[in-house]
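Coordinate-derived values only; no laboratory data. This is a predicted model, so every value here is computed, not measured. Here the Cβ positions follow ideal geometry from the backbone for every residue, glycine too, while neighbour counts run over all protein chains shown.
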């Protein structure tokens, strides 16, 4: 005989419950005259999915090897809170000649009735779903009242709704924003610099680019607490998704500001400009992808091929505007707009010169960091390669300002990087297109 038990959290009370479950099986085996081969116990693991349930999966593997012919479980909910997983595991054990006994609530008397066991399994899943709904409701109510996260770099948590600035960490946050917006240092280089300076992350240990990026993108550092940004899409898999910005709950907290709003907004522009679309994603497939938006709902338009030619459509069901714009007409209209907006004047001589000088200064700073031992040789080579690429992009930028539009070339000849350096966003409805240029 083998036994399986599980608790969903690693809190002290739950772990005590786990020990009680183990003693229960030892007593049960002794009373029934069974030889207890092994107790499989998962600690701090949810029963809503198989992922991470190492002991449960080991039990199935051992059953395959014929290690036992009976598995005892104190309750169906301990076995699984996912009806499909429950049935799959139950059938697998049954096919191996292994009986499964559920010992609480007289469930050990249910035998092999899959119909009845399915009902109990569904009840266990529904119980988990109800718990998920209660937790979700509690989080939403807390978000409305301005609940703060349990752990946030730069602050100490006083209670569920109050943060206090941590002086040492607050200074580090300010340095991160200055390095990023003032000196042009990237997230990975900032992480390496913080680690080299011996400044620990919130939980100790080394910094990484993701942690730096998370700080740069959190508006709380500019004095605005934003809640309700994410939601659980599927409680069984634990998959989360980002809510529409209209559902975010914003709480002004000026006393928590560590940087100015201007500095925070500058960081967001840099983050956005450096964001690299995933290979093959629609976002980076066409020059207008991610720029062309519906004037009514604000969602990016999607490109669809038609016999009469490609069109850009609003993907939002029930959108009042729901524009459908022909790509050929759009390119012609935008070409005329940019031809009038940028008539092909020769760029001011100091524009390219100042940009080149800035690149040279950044190159010297990188070399200084290497000489000071803050960055490695590999990091030095990588940064210099990036700066060289930026120099190449600068030459393309100068080309955009001179002959492209005045020579009457088609708007569609612009590459995606060229277009995204010029344009912040393009709003389209059925009859009009509005272009929002970036500050050059």
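Data overview
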{"read-out": "Gain upon complete extension [residue 424, residue 324; 0.36 nm per residue less C-alpha separation]", "value": "33.9 nm"}
{"read-out": "For the stretch 146-274: relative contact order, % (alpha-carbon pairs under 8 angstrom, 6 or more apart)", "value": "22 percent"}
{"read-out": "Cβ-based exposure ranking for 165, 190, 176, in which fewest neighbours within 10 Å come first", "value": "165, 190, 176"}
{"read-out": "Paramagnetic reach from residue 158 (point 7 Å along Cα→Cβ, amide N under 20 Å) across the stretch 169-207", "value": "169-171"}
{"read-out": "Cβ-based exposure ranking for 375, 76, in which fewest neighbours within 10 Å come first", "value": "375, 76"}
{"read-out": "R0 of 22 Å, Cβ-Cβ distance residue 43-residue 67: FRET efficiency to nearest 0.05", "value": "0.55"}
{"read-out": "Estimated FRET transfer efficiency (residue 377, residue 436; beta-carbon r; R0 41 Å; 0.05)", "value": "0.45"}
{"read-out": "D_trans [Stokes-Einstein, Kirkwood Rh over alpha-carbon pairs] for the stretch 146-274, 20 °C, 1.002 mPa s, µm² s⁻¹", "value": "137 µm²/s"}
{"read-out": "Sequence of 40, 180 once ranked by neighbouring C-beta atoms within 10 Å, starting from the fewest", "value": "40, 180"}
{"read-out": "Inter-label distance for residue 273 and residue 313, nm, one decimal - labels placed 7 Å from Cα along Cα-to-Cβ", "value": "3.6 nm"}
{"read-out": "Fully extended contour minus Cα-Cα distance, from residue 229 to residue 95, at 0.36 nm per residue", "value": "43.7 nm"}
